[in-house]
Amino acid sequence: MELDPVAALEDARTEYDKMIAGDWYRYRHGPELAELTTSTQRTCRRITALYDEDRAGALALFRELLGTVGEGVDFRPPLYLDYGHRLHIGDRTFVNADFLTLGGGEIRIGADVLIGPSVRIYTPTHVLDPELRPQGWERVDPVTIEDGVWLGGSVVICPGVTIGARSVIGAGSVVTKDVPPDVVAAGNPARVLRPLDPGRVPPA
């Protein structure tokens with residue numbers, strides 16, 4: 001979607017409402033955005049500080065911060081979020097340390113997902129025009145990680161991507177487009193290497 005700066009400036013909605021709708025907004029011009037991200041990041045630091053001495057309390061803060069959290073979700077701090085209420089995590093998912101989500105796009109992570117250390121999920125895209133870019137224009141696209149996915153360490157997921165159920169993304173990959181279910185993908189940019197072979201996994 002191309003930016004029409006005149007029409008965008010005439011839009012009377014708040015920058016937050018534009019962001020939620022997936023329209024162009026100016027992230028530096030919405031005081032409500034700064035308040036939300038500052039509050040969220042402060043809570044992330046509280047969770048990290050609390051985790052060693054009161055894991056149940058840290059988990060309670062984590063649940064309060066996110067949009068939805070399933071049963072049996074586990075995580076390791078630190079974590080870095082911009083808008084906690086835009087992140088949804090399904091049952092029994094594990095999130096390893098140094099997890100980062102950027103921007104206000106909705107992120108839906110399914111059940112039984114394994115997220116390796118230092119995974120990054122990006123939802124914003126800046127305008128490409130070099131004259132408009134300093135004005136702070138951006139828009140967000142949702143990211144979906146379906147049930148049973150395994151993300152290796154340091155995987156980067158770009159805006160608008162869906163990763164299909166049970167697929168495996170190799171460590172260090174940069175995922176720029178959708179990945180189908182039941183495959184192994186890796187690389188920069190990530191590409192499908194082969195179908196997933198469930199026969200290699202010992203039965204439970």
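Here Thr37, Thr93 are screened, and the one residue that is crowded, with 17+ Cβ neighbours inside 10 Å and more than 25 Å from Ala165 (Cβ to Cβ) is Thr37.
Among the conditions (1) in a loop (DSSP other than H, G, I, E, B); (2) farther than 29 Å from Ala58 by Cβ; (3) touching a strand residue (DSSP E or B) at 6+ places or on another chain (Cβ under 7 Å), Val192 misses just one, which is (1).
On the given criteria, is Glu15 open to solvent by 50 Å² or more (accessible area, probe 1.4 Å) and either farther than 26 Å from Ser118 by Cα or modelled with pLDDT of 95 or more (or both)? Quick ask: steps written out before the conclusion?
Numbers: open to solvent by 50 Å² or more (accessible area, probe 1.4 Å): no; either farther than 26 Å from Ser118 by Cα or modelled with pLDDT of 95 or more (or both): yes.
The answer is no for Glu15.
If you filter segment 59-90 down to residues that are of a type in the set (Lys, Arg) and surrounded by fewer than 16 Cβ atoms within 10 Å (Cβ to Cβ), you find that the one that is nearest to Thr43 (Cα to Cα) is Arg63.
Listed residues Gly110, Gly172, Gly105, Gly136; which is farther than 21 Å from Gly84 by Cβ, at pLDDT 95 or above and surrounded by 14 or more Cβ atoms within 10 Å (Cβ to Cβ)?
Values: Gly110 fails: farther than 21 Å from Gly84 by Cβ; Gly105 fails: farther than 21 Å from Gly84 by Cβ; Gly136 fails: at pLDDT 95 or above.
Being farther than 21 Å from Gly84 by Cβ, at pLDDT 95 or above and surrounded by 14 or more Cβ atoms within 10 Å (Cβ to Cβ) holds for just one of Gly110, Gly172, Gly105, Gly136, which is Gly172.
Considered as a group, the residues in segment 113-131 that are of a type outside the set (Val, Ile, Thr) and over 23 Å from Ile20 (Cβ atoms) include one that is least open to solvent (accessible area, probe 1.4 Å), and that residue is Gly116.
The values are calculated or read from the model by the stated rules, or taken from the named source; none is laboratory data. Since the model is a prediction, treat every value here as computed from it, not as a measurement. No Cβ is skipped: glycine too gets one built from the backbone with ideal geometry, and neighbour counts run over all protein chains shown. All accessible areas refer to the heavy atoms of the entire protein, side chains included, with ligands and DNA or RNA removed. Shrake-Rupley method; radii C 1.70, N 1.55, O 1.52, S 1.80 Å.
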